[in-house]
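Quick notes on the structure that follows.
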Amino acid sequence: MAPLEGGPRLVLLFSGKRKSGKDFVTEALQSRLGGDVCAILRLSGPLKEQYAQEHGLNFQRLLDASTYKETYRRNMIVWGEEKRQADPGFFCRKVVEGVSQPVWLVSDTRRISDIQWFREAYGAVTQTVRVVASEQSRQQRGWVFTPGVDDGESECGLDSFGDFDWVIENHGDPQRLEEQLENLIEFVRSRL
């Protein structure tokens, strides 16, 4: 378990479907708050790094939004599930190693076990943020339903969670999104 002393002032766990805008939202928040205050943590980072090492793949190419990553996505998901079955906190512990900023934005929370781990490790400073976007908006961003991916736990594990602290609607209305981001930024600043 991660130590509480000297830990973060705020941990925001972002979740949402593929192409809902999780990365866009977390990057927008970080650009406004500053990289010295705010770190973006991607649970998929250590997963992809470990998977690449074990399978002789290009780690950097697994990080981008390429067809290379999509070629391996389904197998990576299965492999990641096996790792989580053996140790639910494996990727959570890896992603927080050495992070010194007071605000952590975990951009790709996908499972209840991820939320449980952060809540157990960091308690009341942990908040959940769901980024939602209509299917039409997601399709405009390049999303196409992929069997075995979009109906798997990595995409649906938090669909019935329902108790999110924040919900960000990212349906393509920039003004509405801006209002929501400002509210979240105001909250973050109140915790610093």
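Can you list the chymotrypsin sites (Phe, Trp or Tyr not before Pro) in region 105-192 that are in a DSSP coil and have 12 or fewer other beta carbons within 10 angstrom?
Numbers: sites: W117, F118, Y122, W143, F145, F161, F164, W166, F187; in loops: W143, F145, F161, F164.
Those satisfying the criteria are F145.
Using a simple spin-label model with pseudo-atoms 7 Å out from Cα toward Cβ, Q139 and D173 lie 2.1 nm apart. Between R9 and N58, full extension at 0.36 nm per residue minus the direct alpha carbon distance yields a gain of 14.2 nm. Scaling the Cα radius of gyration of region 90-158 by the globular reference 2.2 N^0.38 Å produces a ratio of 1.33.
Quick check: at a probe of 1.4 Å, how many percent of the accessible area of region 142-192 sits on carbon and sulfur atoms?
Numbers: 1420 of 2960 Å².
So the carbon and sulfur contribution to the accessible surface is 48 percent.
For R191 and K94, a Förster radius of 30 Å and the Cβ-Cβ distance give a FRET efficiency of 0.75, rounded to the nearest 0.05. The smallest convex shape that holds all Cα atoms of the chain, its convex hull, gives 119 Å³ per residue. A simple spin-label model places the labels of Q85 and Y68 3.0 nm from each other, with each point 7 Å out along Cα-to-Cβ.
Per DSSP H run of at least 4 residues, take -39500 (n - 2.57); add these up for the chain, divide by its residues and hand me the 222 nm value, nearest 500 deg cm²/dmol. Mind showing how you got there, number by number?
Details: 9 runs with 94 residues, N = 192.
Roughly -14500 deg cm²/dmol at 222 nm, from the helical runs in the chain.
For T126, the residues whose amide H sits under 5 Å from its own are V11, ignoring neighbours fewer than 5 places away on the same chain, with H placed 1.01 Å from N.
The values are calculated or read from the model by the stated rules, or taken from the named source; none is laboratory data. Since the structure is predicted, the reported quantities are computational estimates derived from the model, not experimental observations. Don't worry about glycine lacking a Cβ; one is built from the backbone with ideal geometry, like all the others, and counts go over all protein chains shown. To get the accessible areas, we keep the full protein, side chains included, count just its heavy atoms, and leave off ligands, DNA and RNA. Shrake-Rupley method; radii C 1.70, N 1.55, O 1.52, S 1.80 Å.
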